[in-house]
1. Normalise the Cα radius of gyration of segment 28-199 by 2.2 N^0.38 Å (N = residues in it) and let me know the number.
2. In the neighborhood of GLN86, defined by Cβ-to-Cβ distances under 15 Å, what is the net charge if each Lys or Arg adds +1 and each Asp or Glu adds -1?
3. Based on the mean of other beta carbon atoms within 10 Å per residue, what is the order of 127-135, 108-116, most packed first?
4. Take every DSSP beta bridge whose two residues both sit in segment 28-199, then give the antiparallel share in percent to the nearest 5.
5. My understanding is that a pair violates if its Cα-Cα distance is over 22 Å; which of LYS93/LYS191; LYS119/LYS148; LYS65/LYS168; LYS55/LYS119 do that in this structure?
6. Subtracting the Cα-Cα distance from 0.36 nm times the residue separation, let me have the gained length for ARG63 to SER120 in nm, one decimal.
Amino acid sequence: MRTTLLAVLLVLACGGKDAAPAAAAGGGKAAPAVDSPFKPNDVVLDHAVTTIEGKPANLADYRGKAVLLVNTASECGFTPQYAGLQELYGELKGRGLEVLAFPSDDFGHQEPGSPEEIKSFVASKFAVEFPMFDKVHATGPEISPLYKTLTEQTGEGIRGEVKWNFTKFLVDPKGRVVGRFEPGVEPEDPKLRAAIEAALPTG
């Protein structure tokens with residue numbers, strides 16, 4: 001019953017690009033970034049991916065940094081979160097934060113654009129500077145290897161199917177997935193900020 005209610009509320013919140021993100025439900029689930037009780041998972045940073053420009057890339061390049069992985073969409077009620085994600089990136093990049101966006105059309109077909117259209121949209125609307133990647137499937141039978149790892153090979157409290165756009169996974173500098181925040185958790189939410197601060201590299 002609770003899962004069904006959450007799904008309904010998420011659909012209402014993400015009914016379209018004019019929907020109000022404040023209407024969404026969803027709390028943050030985060031493990032402590034230091035001395036995480038969840039099993040180490042270095043596999044997530046071993047995945048090969050493709051940039052939004054179509055170039056091969058490897059997440060291993062981000063080892064040693066705190067990484068916030070987000071499945072995004074351009075026509076969702078949560079789309080304004082791009083602005084908050086850019087603020088986080090601009091403020092904390094110098095301290096070792098990377099925000100990585102993976103557009104997905106899995107939820108309500110709210111990312112219909114081509115890579116070129118997506119890149120142009122986020123640049124013109126939100127001045128996004130953080131890395132953008134090619135569209136992925138974050139759920140379903142064609143789920144990408146990255147999201148299969150995130151949702152199936154992580155610890156209790158983090159693993160589980162992605163339910164909607166703008167689900168956020170936090171990875172520490174050692175490659176451990178140490179936090180998961182549902183779409184309703186805004187980038188400026190104190191819970192997310194505290195988890196990121198704790199995950200930032202030291203020394």
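1. On the way: Rg = 14.5 Å, N = 172, 2.2 N^0.38 = 15.6 Å.
Working it through for segment 28-199, the quotient is 0.93.
2. Values: positive: LYS93, LYS119, LYS125, LYS168, ARG193; negative: GLU87, GLU91, GLU98, GLU129, GLU186, GLU188.
That works out to -1.
3. Per-residue Cβ counts within 10 Å, averaged per peptide and sorted highest first, yield 127-135, 108-116.
4. Antiparallel: roughly 65 percent of the beta bridges in segment 28-199.
5. With Cα atoms farther than 22 Å apart: LYS119/LYS148.
6. Full extension from ARG63 to SER120 adds 17.7 nm.
No value in this document is a laboratory result; all are computed from the given coordinates. It should be emphasised that the depicted structure is a prediction, and the values quoted were computed from it without experimental measurement. Don't worry about glycine lacking a Cβ; one is built from the backbone with ideal geometry, like all the others, and counts go over all protein chains shown.
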